[in-house]
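The values are calculated or read from the model by the stated rules, or taken from the named source; none is laboratory data. None of the values given here were measured: they were computed from a predicted structure. With ideal geometry, Cβ positions are generated from the backbone for all residues, glycine too; neighbour counts draw on all protein chains shown. Heavy atoms of the whole protein, side chains included, go into the accessibility calculation; ligands, DNA and RNA do not. Shrake-Rupley method; radii C 1.70, N 1.55, O 1.52, S 1.80 Å.
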Amino acid sequence: MAVAAAALARVADVDIDAGGVFKYVLVRVHAAGGGAAAGNGNGKDIVRGYGWAEYHADIYDKTASELEKQGYDCECLGGGRISHQREEKKIHVYGYSVGFGRANHSVTTEKLKAKYPDYEITWADEGY
């Protein structure tokens, strides 16, 4: 299991656009064949957000496809929007996904804080 955990550590926790307002999804990743979905806790949550996506499902489908090629399974935990103001070093997480529901924005925010420690990062359940 240590090998699987080490491999999973290579999957980036956060991959979002460098700036703008865009949709995002919170995804749980685990080794193919059960992993976190089976309740063993060997998964991790990742954040993916891009301005090119018309729908949250577009981001999830691309992410799932990339992860499956690396031998992982995943599930979407929900979505929302991110406002990334690079010049001001501010990120705001809010809203929800019609298809996947609202992500746990506090989890998303903690992941973002680890990647952007010098940013002011906030979240709210309000908004779309």
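Assuming Tyr116 fulfils every condition listed in (1) open to solvent by 10 Å² or more (accessible area, probe 1.4 Å); (2) under 17 Å from Val29 (Cβ atoms) apart from one, which condition is it?
Among (1) open to solvent by 10 Å² or more (accessible area, probe 1.4 Å); (2) under 17 Å from Val29 (Cβ atoms), Tyr116 violates only (2).
Could you grab me the full set of residues in region 75-106 that are touching a residue at least 60 places away in the same chain (Cβ under 8 Å) and open to solvent by less than 40 Å² (accessible area, probe 1.4 Å)?
Result: Ile82, Ser83, His84, Val93, Ser97, Ala103.
Considering only residues that are among the acidic types (Asp, Glu) and within 20 Å of Val11 (Cα to Cα), look in region 46-74 and name the one that is surrounded by the most Cβ atoms within 10 Å (Cβ to Cβ).
Ranking the qualifying residues of region 46-74, first place goes to Asp73.
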